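The numbers here are math on the coordinates, done by the rules we state, and not lab data. Predicted model only: the values in this text are computed from it and were never measured. FYI the Cβ positions are ideal-geometry reconstructions off the backbone, even for glycines, and counts take in every protein chain you see.
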Amino acid sequence: MSTIPMSKYAYRTIIFSVIIAGIGLLFQYLFPKYASPAIPYIVLFFFFLSLLTMYIILRKGKIKEGKTADSNMISRYMLSRMIKFISCLVFIAIYIILNKEDGWRFGIAFVILYFTFSIFEVILMKKEQKK
């Protein structure tokens, strides 16, 4: 299985994050009553989280005796998903504890951006896998 180089992934993630942040800022400008003021911070959070999880998946490590490269990749993928899940829960909990009045708008924006970045990651990985 060929994997996408980290620098190529980082570049694409930067471009994608800037576009999503621009859409978020436009939404905040057009619909301030419904938009969370934390949208840029959520995008920034997912940008760094995406880079971290992709680094975990793509890093080259020693293959332990009795394991194949694919099982090693699966282990790294599962580790990255757990880190992403726990990080998201902590981020949501801290924000809602500190800013209760914006909780529902933040939650909706967070879920939308979570799925947006997840779909982006899957499309990017599938596109590279075909090559």
(message) Order 96-107, 11-22 from most to least packed using the mean count of other Cβ atoms within 10 Å.
(response) 11-22, 96-107
(request) Count the lysine pairs in segment 6-130 whose Cα atoms sit under 29 Å apart, keeping only pairs 8 or more residues apart in sequence or on different chains. (result) 29
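Please give the calculated 222 nm ellipticity per residue for the chain, where each DSSP H segment of at least 4 residues contributes -39500 (n - 2.57) and the sum is spread over every residue; nearest 500 deg cm²/dmol? Mind dumping the intermediate values first?
Values: 4 runs with 103 residues, N = 131.
After summing the helix terms and dividing by residue count, I get -28000 deg cm²/dmol.
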(message) Computed from the coordinates I sent, Rg and Dmax of the Cα atoms in Å equals one of [x] 16.8, 57; [y] 13.6, 47; [z] 15.9, 51. Tell me the label.
(response) [x]
(request) Name the shape class, rounded, prolate or oblate, that the alpha-carbon gyration tensor gives for segment 80-131, where a ≥ b ≥ c are the square roots of its eigenvalues, rounded holds for a/c under 1.5, and otherwise prolate holds if a/b is larger than b/c and oblate otherwise. (result) oblate
(message) I need the peptides 83-93, 34-44 ranked by packing, meaning the mean over residues of other C-beta atoms within 10 angstrom, with the highest value on top.
(response) 34-44, 83-93
(message) Using 0.36 nm times the number of residues separating Met78 and Tyr55, minus their current alpha carbon distance, what extension gain do you get?
(response) 7.0 nm
